[in-house]
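Enquirer: One structure, as structure tokens, below. Some questions next.
Just so you know, all these numbers are worked out from the coordinates, no wet-lab data involved. Since this is a predicted model, take the numbers as computed values, not measurements. Cβ: placed from backbone, ideal geometry, glycine included. Neighbour counts: every protein chain shown.
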Amino acid sequence: MKKVLIFLSFALFLACKEQPKGTAETVLSNTTKQDTKPTVNTFGIVIHGGAGTILKENMTPEKEAAYKTKLEEAIKTGHTILKNGGTSLEAVEKTINVLEDSPLFNAGKGAVFTYDEINELDASIMDGSTLNAGAVAGVSVVKNPINLAKEVMLNSPHVMLSGRGAEQFAKERKLEIVDPKYFYTENRMKALKKVKKAPEHPDAKSATSFYDPEIKDSKFGTVGCVALDKHGNLAAGTSTGGMTAKKWNRIGDSPIIGAGTYANNATCAVSSTGWGEYFIRGMVAYDISAMMEYKKISLEEASKEVIQKKLTKLGGTGGIVAIDHQGNIAMEFNTEGMYRATMNANGELTIGIYKE
């Protein structure tokens with residue numbers, strides 16, 4: 001009996017010794033992986049800088065190069081954040097900051113003037129993982145409105161703040177406050193004067209005319225960004241100076257969740273640009289997400305139907321950029337052009353301006 005026990009013990013020893021190295025570690029590793037949220041292997045980012053009558057014949061080579069350079073700088077800022085494992089929210093915010101700080105775009109530094117020759121800025125941001133959102137409207141002293149929108153989302157019980165209250169909140173959150181003169185640019189002032197002098201077109205609903213591209217596009221101009229990070233989370237953000245010569249503290253779609261901005265991890269993230277009143281009526285950003293959810297169609301199909309059919313039928317003009325939870329992108333617009341750019345997980349960059 002003693003010999004049998006010794007033999008069995010020796011056999012057990014040999015079995016353990018022959019076990020592949022690291023087996024226990026592998027089992028532990030596999031168990032850990034099952035208990036952890038899987039990491040998405042793809043990520044991507046898409047931006048826009050406004051849509052409108054953007055024709056190559058009206059663009060000088062120098063101006064075109066300037067737009068492309070700034071679009072590239074902006075999208076690479078966000079892409080670097082995503083590549084290094086940063087969140088989609090951070091990528092959206094920092095990317096939009098680059099566009100807000102440029103006088104080329106109708107947001108932040110390059111914001112258009114109201115009829116009373118001041119700048120009223122709007123912005124919004126949304127987290128696709130929680131459906132939390134923040135927005136601001138009609139601020140005139142906040143250097144980067146998208147940062148304030150994010151503060152509203154993360155550090156207030158509200159979704160939207162406006163005017164003086166929003167500015168007071170910005171000061172309390174220690175955001176950068178500037179003199180309103182910071183937003184002054186000569187070309188935006190010239191555009192305002194041109195619009196105010198123009199005869200009113202019979203089909204227009206404001207003191208603007210459709211006889212001149214610059215005047216026609218007085219309703220357009222916004223910057224936006226959508227992103228998917230390595231953790232599988234989507235985010236969207238939009239920032240604008242609104243409509244040239246707007247009156248009565250007019251607010252467009254950019255700060256309205258569901259119209260100018262929407263993000264949901266189950267579907268997509270969307271940022272809009274165009275004639276805001278129509279984007280509000282059509283709840284364009286949310287409609288694209290809803291069509292994906294309820295009709296079970298792709299981002300591309302939903303974007304085309306909403307922009308080319310629904311929005312166009314309403315009489316609205318403009319476009320969107322979007323990215324879904326699998327990294328597929330859409331850049332849909334029904335105007336002559338839209339400043340836009342994309343970068344995927346492979347670092348492939350595309351930049352567009354005109355309708356192609």
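Enquirer: Report, in whole Å, the centroid distance computed from the Cα atoms of the range 44-67 and the range 223-255.
Expert: 18 Å
Enquirer: At what distance in nm do the modelled label points of Glu72 and Asn155 sit from each other, each positioned 7 Å from its Cα along Cα→Cβ?
Expert: 3.6 nm
Enquirer: Hey, another quick one. Kindly flag which residue pairs out of Lys63/Lys143; Lys76/Lys304; Lys143/Lys246; Lys181/Lys230; Lys76/Lys181; Lys181/Lys309 have an alpha-carbon separation exceeding 31 Å in this structure.
Expert: Numbers: Lys63/Lys143 24 Å; Lys76/Lys304 27 Å; Lys143/Lys246 20 Å; Lys181/Lys230 40 Å; Lys76/Lys181 29 Å; Lys181/Lys309 41 Å.
Too far apart for the 31 Å limit: Lys181/Lys230; Lys181/Lys309.
Enquirer: Rounded to the nearest 0.05, what FRET efficiency do Tyr294 and Asn346 have when you use their Cβ-Cβ distance and R0 = 35 Å?
Expert: Working: r = 32 Å, r/R0 = 0.92.
Rounded to the nearest 0.05, the efficiency is 0.65.
Enquirer: If the chain between Glu301 and Leu131 were fully stretched, how many nm would it gain, using 0.36 nm times the residue separation less the Cα-Cα distance? Please list the in-between numbers first.
Expert: On the way: separation 170, 0.36 × 170 = 61.20 nm, distance 2.31 nm.
Result: 58.9 nm gained on full extension.
Enquirer: Could you calculate the contour length gain from Glu356 to Trp248, that is, 0.36 nm times the residue separation minus the distance between their Cα atoms, to one decimal place in nm? Walk me through the numbers on the way to the answer.
Expert: Values: separation 108, 0.36 × 108 = 38.88 nm, distance 3.75 nm.
Taking 0.36 nm per residue and subtracting the Cα distance, the gain is 35.1 nm.
Enquirer: In nanometres, what is the gap between the two model label sites at Gln326 and Gln308, each 7 Å from Cα along Cα-to-Cβ?
Expert: 2.0 nm
Enquirer: Given labels modelled 7 Å from the Cα in the Cβ direction, how far is it in nm from Arg173 to Lys63?
Expert: So the label points at Arg173 and Lys63 sit 3.5 nm apart.
Enquirer: Could you calculate the FRET efficiency of Lys56 with Glu186 from 1/(1 + (r/R0)^6), where r is the beta carbon distance between them and R0 is 35 Å, rounded to 0.05? Don't skip to the answer; put the middle values down first.
Expert: Values: r = 24 Å, r/R0 = 0.69.
Working from the Cβ atoms, E equals 0.90.
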